[in-house]
Structure formats: C-alpha cells, structure tokens
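A.B. asks: Below you will find the structure I want to go over with you.
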Amino acid sequence: MDVLRELEQARRACHDAGRRGRLGLVPTMGALHEGHLSLVRRARADCDTVAVTIFVNPLQFGAHEDLDRYPRQEAQDAELLRAAGADLVLLLQREQMYPKSFITRITQDALGETLEGAAREGHFDGVLTVVAKLFGIAGPCRAFFGHKDFQQSVVVRRMVADLELPAEVVVCPTVRDTDGLALSSRNAYLSPEERAQGLSLVAALGAANRAFLDGEHDSRALEALMLETLRAGLGHAPDYAALVDPDDFSRPAQARAGCVAVVAAPVGSTRLLDNHALGSPLGPFAHES
Ligand code: AMP
C-alpha cells in the first residue's frame, strides 16, 4: 500500500492504475471506522486498484461547525486501510487542494438546498466541489459512498449525471453498532448519556418502518411518529424528520417501499444524521431483542 502526500504523485499513481485496470475511489475525511472500511472492502471486491482519499474538506464545514476539532488519526487510519486491502492512500493537504488561486464552486439547485442542505447552508456545494476535484485527480471508474449520508449520495449521483462525469457511483449499506447507532466519526464526541439520546434517531426510523409495514402509508403520519419518537428520546426537537422520494427528495403524500426516512438532530454539541429505506429490515439491535 502506498501512502501519497503530494498531489502530483497521487495523480500519477491513480492514472497509472486507471490505465492498467479498474480504479475504485473511496473519498473520506479520515477517523476511519467499519462504515468506511465496508466501502473499501466493496471497492476491493469490485475493482483492480483501490484508492482512498483522506481529506477534511474545509469547504463543506460551516463557519461555526467542527472543522478544527474534527478527529484526525492518520497513522491508525493507514493501518486500518492496509488491513482492508487499499492500494493507494491519498493524504491530501489543504494548500494543495485549495491554493490561493482556487475560486470555483459546484452548486446544485433544489436537491442541494433541502433538508441537510437547508440545515447546513453551502454544505453540499463544498461536498460537490471536492468530489469533482477528487474525480479530476484520480479519474476513478467507480466511486464508493455510504447510504449513511443518503442525501450526499443522491446529490453526487445527480452531479455525475448532469455533468456526464465518467465515473459510476456505488452506494453501500449503512454500518451500525450493535445498539443500532449508525457508525460515524463524530460519535467519538458523544458522552454515554448523549449516545443513549442518539439512539432515538434509529428508534424513530424503526418506528416509522414498523408502522409502514403494518399498513400506515400516510407520509405525514409517519413523519409525525418520527418527530414524536425523537422529541421523547432527545428532550428537544430534531432538525428534521422527513420521508423523501429517493430520486429527487420530493415529499410524497403516500409512502411506498423504498421511500427514505431521513432524520437529523443535534445531540449535545454533536449533530447526528441517519436514514432508512422503508420496507427493508432494520434491527433488532442488542437492547431490543
Ligand atoms: P466521511 O469520512 O464522514 O466523509 O465519510 C466517508 C464515506 O463513508 C461517505 O461516503 C460516508 O457516507 C461513508 N460512511 C460514513 N459512515 C458510514 C456508515 N456508518 N456506514 C456506511 N458508510 C458510511
């Protein structure tokens, strides 16, 4: 496994690999956990060479968000990636990614401005800009993203389609802890009490999923159920709890299997998000069985 810190080196290694066979790209911000590693393993199974980028992208953080305290653990990440079968690790530096001359942004109407985009203004512009740049650097034939950040996967897919980018977007299932909490680098910020509150996100998704399977197809009723579960578990209102069409994030009046329940909420000073496609199994988790 090669660890590359220079942009030119990284570009050359990726393009050489891309000429030899299928290059898979896994973009991350580091502080890796099993969720990230599941993407690496999937890329390993699908591609000839697996490149993983680690870059805490300042463009996708708002002014008062956690850019400065975002966990960084390069040496441990490299070991985890080696064990998961990565070939190339690109440790990208801010000055190389965004030199003073950098003035371009990719923005997306509608999809990029609703729900998570409304809660974090400019967030998806930052995500799309860095993903487009990473695609430019690496030239992958496939790029792997997690369902955990569902809206992100949808905006990236749309960008790839709109701009005819020559890469296939592969979306991989959310990896959860035994208690049901979706793995996230930000879970490291949670105290035990906050973690218990955080479980109300998966509880809300589970409640909506069970109600749907029991025949409740009124989206507003399912959203109300999620809100109620979240309020009870958190002690305050979430940022949102919504049922969306997976293709365009419209809000159907009637839920159907495959509609995605999306939730986000602050827990202490941490913001958690989660989602679940209605009709597919969720749990039972350790404390429920
Ligand atoms: P991040 O480092 O948070 O930017 O995440 C990098 C990639 O890992 C994104 O495509 C995420 O959606 C994905 N990811 C993060 N957490 C999980 C998880 N629990 N399960 C599956 N994929 C995940």
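The values are calculated or read from the model by the stated rules, or taken from the named source; none is laboratory data. The structure presented is a predicted model; accordingly, all values stated were derived computationally and were not measured. Here Cβ is always computed from backbone atoms with ideal geometry, including for glycine, and neighbour counts include all displayed protein chains.
A.B. asks: Can you pull out the residues in region 168-180 that are under 19 Å from G139 (Cβ atoms) and either in contact (Cβ under 8 Å) with a residue 40 or more places away in the chain or within 13 Å of the ligand (Cβ to nearest atom) (or both)? Spell out how you get there, then give the answer.
C.D. replies: Our first condition is that a residue be under 19 Å from G139 (Cβ atoms); within region 168-180, this holds for 168-170.
Those that are under 19 Å from G139 (Cβ atoms) and either in contact (Cβ under 8 Å) with a residue 40 or more places away in the chain or within 13 Å of the ligand (Cβ to nearest atom) (or both): V169, V170.
A.B. asks: Of the conditions (1) closer than 25 Å to R186 by Cβ; (2) touching a residue at least 40 places away in the same chain (Cβ under 8 Å), G279 fails just one. Which one is it?
C.D. replies: So the condition that G279 fails would be (1).
A.B. asks: For region 45-68, give me each residue that is more than 25 Å from I106 (Cβ to Cβ) and either within 13 Å of the ligand (Cβ to nearest atom) or modelled with pLDDT under 95 (or both).
C.D. replies: Passing the criteria: none in range.
A.B. asks: Follow-up question, since we're still on this one. It is to be established whether one or more residues within region 27-44 are without any contact (Cβ under 8 Å) to a residue 40 or more places away in the chain, among the hydrophobic types (A, V, I, L, M, F, W, C) and within 16 Å of the ligand (Cβ to nearest atom).
C.D. replies: no
A.B. asks: Given the criteria modelled with pLDDT of 95 or more, over 20 Å from the mean Cα position of the chain (by Cα) and surrounded by fewer than 22 Cβ atoms within 10 Å (Cβ to Cβ), does A253 qualify?
C.D. replies: yes
A.B. asks: Going through region 240-276 one residue at a time, which ones are closer than 19 Å to S185 by Cβ and either without any contact (Cβ under 8 Å) to a residue 40 or more places away in the chain or not in a strand (DSSP E or B) (or both)?
C.D. replies: Filtering region 240-276 for residues closer than 19 Å to S185 by Cβ gives 263-275.
Across region 240-276, the qualifying residues are P266, G268, S269.
A.B. asks: Now a separate question. Just to verify a result, which residue in region 9-28, among those that are among the charged types (D, E, K, R) and in contact with a helix residue (DSSP H, G or I) (Cβ under 9 Å, 6 or more places away or on another chain), is nearest to K133 (Cα to Cα)? Reasoning before the result, please.
C.D. replies: Start the filter on region 9-28 by keeping residues that are among the charged types (D, E, K, R), which leaves 11-12, 16, 19-20, 22.
Next, only the ones that are in contact with a helix residue (DSSP H, G or I) (Cβ under 9 Å, 6 or more places away or on another chain) stay: 11, 22.
Details: R11: 11, R22: 19 Å.
For region 9-28, the residue satisfying everything is R11.
A.B. asks: Within the set of pairs 6+ apart or on separate chains, which have a first residue in region 147-167 that is at pLDDT 95 or above, a second that is aromatic (F, W, Y) and buried (at least 19 other Cβ atoms within 10 Å of the Cβ), and C-beta atoms under 7 Å apart?
C.D. replies: Every condition considered, the pairs that remain are Q151/F249; Q152/F145; S153/F145; V154/F249; V155/F124; V156/F145; L165/F135; A167/F135.
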